[in-house]
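The values are calculated or read from the model by the stated rules, or taken from the named source; none is laboratory data. Only a predicted model underlies this, so the values are computations on that prediction, with no experimental measurement involved. Areas reflect the complete protein model, heavy atoms only, side chains present, ligands, DNA and RNA absent. Shrake-Rupley method; radii C 1.70, N 1.55, O 1.52, S 1.80 Å.
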Amino acid sequence: AFVRTWTVVFCPTYLFSSVMFSQSCVKNTTLNLVQSATTTTTKSRASIPSRTCRKAPAAATAARVLASRTYLGKSHQFNSEIISRSHGAHRLSTRTMCVAASAASKQVKVVEVDLGDRTYPIYIGSGLNWAETLKKHIPGNTVLVVTNETIAPLYLDRVVEALSQGGDIRVETVVLRDGEEYKSLEELNKVYDKALEARLDRQTTFVALGGGVIGDMTGFAAASYQRGVHFVQVPTTTMAMVDSSVGGKTGVNHPLGKNMIGAFYQPRCVLIDIDVLQTLPDRELASGIAEVVKYGLIRDADFFVWMEENMSKMIGRDPDALVEAVERSCINKAVVVAADEKEAGLRATLNLGHTFGHAIENNLGYGEWLHGEAVSAGMVMAADMSARLGWIDQALVERTKRILQAAGLPILPPPGLGKDKFSDTMAVDKKVANGKLRLILLKGELGGCVFTGDFDQSKLEETLDAFVN
């Protein structure tokens, strides 16, 4: 996949530009559009540390536009029955915009999910302008903001005020109960009820304000209300920012399985303001970091190394570290979604540890463990099974355990789940095909994985014996 990176500095007086293009990380060609422009060298996205924007020189206000195409990530191995095509033809755009003002500059990073005429931006930064960002993605004059009882007192007024500026949009709201246990059709009916009572038409935009549960439910409501209305994501948890808000997976749970009722339905934009994580409980923050670690394990080895070095900053809510972690996660997710929107093969690799994790959630009861906590233990189980198959070294299993423990995440399922019931739950996972369980497992060096049903079943049994009492 190719990444197009834009860095823009806007200044009040004059505009000068320089543009640099690099092809395939091999040959660089520089085109200077102004005499005094300077050339900046770009590196592979996976090796770029947190980017910063500099103020324009006081003596000569100027704006530089740097554009590059950079190869991102490493190649992946897949079972030939599942997927054999390359995703190199897909392109992803990322832009970094810094606005230089008199006192300080603000930075907005934009990752674009390339889906043709349904391409949409992910805005990432600290202290974003919610009104300006959201309103340009609202095509009609009515909005329904969906949130929960935890987020409503914190951010609902801010969203309503942002959307109401100018008086050209009517804003309705609905507040749902908070928690995975309420991710149900029954609770979802409250969204439909409100939309119908307010006589919202097909030009309405549903705005999801909350974590993964709210995003999934709002997206499914948008996909199904009057057969489809507009949809915008404003995630407020780490989990939602780095995973569930990107890619268009929407839905609700069923008593017999997680996310079994839903649809693929893409938002018009995703607004990620890192500042909202300051009100997020520590446990929720750590839960989302499990999904960040996943990207390093399955496709971005350099990102994994960066996390090993910066986990304390992430847990400590350092804004620069969080922006970097969220941006790199979104880039990895967007590349995969652009290549395989409906999860025909490649996108399934984003579910590392999820088959084990969903079994933990289902058998404990939804809401007992956070999703990221279950995925954390599930990733360790997947790594353990991969090592038993001889596909990875034991050293990678230990690194996986260490980085998850550093984030304060569990590396073992809770006791007392029962192997038979655990296996039965795995058997109804969405990745089962023709009665055959398929898993995402690690293979080769760090950053490599496979999505396959061709494995020694006895090794799965050994892993279950070792982890599930």
- Task: Report the full-extension gain for the segment residue 320 to residue 264: residue separation times 0.36 nm, less the Cα-Cα distance, to one decimal in nm.
- Result: 17.0 nm
- Compactness summary of segment 147-276: radius of gyration and Dmax from Cα atoms, Å, are 13.6, 47
- By the Kirkwood definition, with r running over pairs of different Cα atoms, segment 262-322 has a hydrodynamic radius in Å of 13.2 Å
- Query: Got a sec to turn the phi values of segment 172-179 into Karplus ³J(HN,Hα) couplings, 6.51 cos²θ - 1.76 cosθ + 1.60 with θ = phi - 60°, whole Hz, x for Gly and Pro?
  - Reply: 10, 9, 9, 10, 9, 6, 9, x
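Segment 337-469: D in µm²/s via Stokes-Einstein (Kirkwood Rh, Cα pairs, 25 °C, 0.890 mPa s)?
Estimated diffusion coefficient is 164 µm²/s.
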- Solvent-accessible area, 1.4 Å probe, carbon plus sulfur percent, for segment 171-260: 48 percent
- Item | Alpha-carbon spread of segment 271-368, three principal axes, descending order, Å | 36, 34, 27
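Calculate, for segment 107-189, the solvent-accessible area per residue in square angstrom, rolling a 1.4 angstrom probe over the heavy atoms of the protein chains.
Details: 3620 Å² over 83 residues.
Computed with neighbouring chains in place, this is 44 Å² per residue.
Compare 371, 254 by solvent-accessible area with a 1.4 Å probe and give them largest first, with all protein chains kept in place.
Values: 371 35, 254 75 Å².
The ordering from most to least exposed comes out as 254, 371.
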- Query: Hey, what's the Kirkwood Rh for segment 302-359 if you take every pair of different alpha carbons, in angstrom?
  - Reply: 13.0 Å
- Spelling it out for residue 142: with amide H atoms placed in the peptide plane at 1.01 Å from N, the residues 5 or more places away or on another chain with amide H under 5 Å from its amide H are 170, 205
- Message: Output needed: percent of Cα pairs per 5 Å distance bin for segment 363-432, bins running from 0 to the one holding the longest distance.
- Response: 4, 15, 21, 25, 19, 14, 3
